[in-house]
Amino acid sequence: MAHDTPPRWDRKMQQRLVRGEAAALGELYDRFASLVYGLAYRVLDEEGAASAVTREVFARVWEHPDAYRPKDGPLRSWLAALTRQEAVHSLRVRHEADGGPPEELEQRVRVASAAARADYIVTAMPSTLRAALELAHRGRRTYPEAARDLGVTDAEARRRLRLGLQLLSTATPLLPPGPAGPAGSAGSAGSAGSAGPEVRS
């Protein structure tokens, strides 16, 4: 589950990293390693490659903590962007080594980037919206069933799901038509390759 990191926490963490506090890097890793690894895996679809990207991301943060500027946005968003950059670079290097056609690579990059963005949106959205999406998508709940599980009215359950889907839809236009390739095949509540939750009234 995602952790909330208010701007004040982001600023203090950046300052501690600039001072070279190893404990700060450990705290940052504990908080965001699962996010970084998950996003890298969505792009690369390989555990070893995702682990390597995770190590590279945190090594870059340690070596260049001043690259993050709190006024530009949340630390988690910066880490997500850095992860995508590193993962896509790794995907390109691997594809070129395999001698695959450039057009295939670009499609994989689009699919993988959309899937990673969708996963990030789901983990970053408020827990109330995320819970509604997970109940609808994974649990196949009806609105009344979801409302009971969440302890809210039917109308509130509908509102939360609608807002969650609106956030998630910002990732799906990046997908090319047709079935997702290997990089987008893993299913989750945040998969951009999915048509979205099917909720019965």
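Annotations
- Residue under evaluation residue 20, criteria (1) in a helix (DSSP H, G or I); (2) loosely packed, with under 12 Cβ neighbours inside 10 Å, criterion not met: (1)
- Residue count for the range 90-108 under the criterion of being assigned to a helix (DSSP H, G or I) and farther than 15 Å from residue 41 by Cβ: the result is 12.
- Check on residue 159, under 29 Å from residue 80 (Cβ atoms), open to solvent by 70 Å² or more (accessible area, probe 1.4 Å) and without any contact (Cβ under 8 Å) to a residue 12 or more places away in the chain: yes
- Candidates 192, 171, 132, 124 - the one that is among the aliphatic types (A, V, I, L, M), at pLDDT below 50 and under 27 Å from residue 40 (Cα atoms): 192
- Of the numbered criteria (1) at pLDDT below 80; (2) open to solvent by less than 50 Å² (accessible area, probe 1.4 Å), the one residue 141 fails is (2).
- Residue count for the range 39-59, restricted to those that are assigned to a helix (DSSP H, G or I), under 21 Å from residue 113 (Cα atoms) and either open to solvent by 30 Å² or more (accessible area, probe 1.4 Å) or among the β-branched types (Val, Ile, Thr) (or both): 11
- From 118, 97, 112, 40, residue being touching an Asp or Glu at 6+ places or on another chain (Cβ under 9 Å), modelled with pLDDT under 90 and more than 21 Å from residue 9 (Cα to Cα): 112
- Residue match in the range 89-102 (condition: in contact (Cβ under 8 Å) with a residue 12 or more places away in the chain and either of a type in the set (Val, Ile, Thr) or closer than 30 Å to residue 151 by Cα (or both)): no
- Scope the range 24-34; condition over 17 Å from residue 51 (Cβ atoms) and open to solvent by 70 Å² or more (accessible area, probe 1.4 Å); matching residues: none
- Among (1) open to solvent by less than 60 Å² (accessible area, probe 1.4 Å); (2) under 21 Å from residue 31 (Cα atoms), the one test that residue 108 misses: (2)
The values are calculated or read from the model by the stated rules, or taken from the named source; none is laboratory data. As the structure is a prediction and not an experimental result, all values here were calculated from the model. Ideal geometry is used to build each Cβ from the backbone, glycine not excepted, and the neighbour counts take in all protein chains shown. For the accessible areas, the whole protein counts, side chains as well, though only heavy atoms, and no ligand, DNA or RNA atoms are used. Shrake-Rupley method; radii C 1.70, N 1.55, O 1.52, S 1.80 Å.
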